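Report on one structure; see the data block that follows.
The values are calculated or read from the model by the stated rules, or taken from the named source; none is laboratory data. The structure presented is a predicted model; accordingly, all values stated were derived computationally and were not measured. Quick reminder, even Gly has a Cβ in these numbers, built from the backbone with ideal geometry, and neighbours come from all protein chains shown. The accessibility values were calculated without ligands, DNA or RNA, using every heavy atom of the protein model including side chains. Shrake-Rupley method; radii C 1.70, N 1.55, O 1.52, S 1.80 Å.
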Amino acid sequence: MVLVVAALVAIIAMAGLSLDMAHAYLNKTRLQNALDAAALSAASILNDGADVPTAEAAGRDTFAEHLEGELGAANPALGFEFSQTLVPFIPGAIEPDARYVRA
């Protein structure tokens, strides 16, 4: 009987841990998707001929839209880097030459 109780406690603990890890992985995926969407949004606005501050604002708006709901309270710091080349990505491009965005 003692072994059954000990095994049951271990099984319940492992089930709880697996649920917590699945939730953490889901939130990580949501954050990554929001960040990818923000970078794509900023790059799209920049490609349309807008300036860097407008592209950053569009990226931040897209990021905030994707984090509505459960992750909306997290509000992590979001920064953008702009580059003239993709490989190697060298941040710090000046405004008219910025073509690539990393968030």
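Observations on the structure shown:
- Each label point was placed 7 Å from the Cα along the Cα-to-Cβ direction; for Leu86 and Thr54 their separation is 2.4 nm.
- Available extension along the chain between Met14 and Met1 is 2.7 nm, counting 0.36 nm per residue and deducting the alpha carbon span.
- When you restrict to C-alpha pairs under 8 Å that are six or more residues apart and normalise by the size of the chain, the relative contact order lands at 24 percent.
- The solvent-accessible area of Glu65, taken with every protein chain present and a 1.4 Å probe, is close to 120 Å².
- Evaluated with a Cβ-only charge set (Lys, Arg +1; Asp, Glu -1), the chain carries a dipole of roughly 460 debye about its Cα centre, given to the nearest 20.
- If the chain linking Asp61 and Ser44 were pulled fully straight, counting 0.36 nm for each residue of separation and taking away their Cα-Cα distance, it would gain 4.8 nm.
- When the charge dipole of the chain is built from unit charges on Cβ atoms (+1 for Lys and Arg, -1 for Asp and Glu) and taken about the Cα centre, the candidate among Leu67, Asn33, Ala7 whose Cα reaches farthest toward its positive end is Ala7.
- The residues of the chain present an accessible area of 69 Å² per residue when probed at 1.4 Å with all protein chains retained.
- Within the accessible surface of the chain, defined with a 1.4 Å probe on protein heavy atoms only, the carbon and sulfur portion equals 64 percent.
- With the helix formula -39500 (n - 2.57) applied to DSSP H stretches of n ≥ 4, the chain reaches a computed 222 nm mean residue ellipticity of -21500 deg cm²/dmol.
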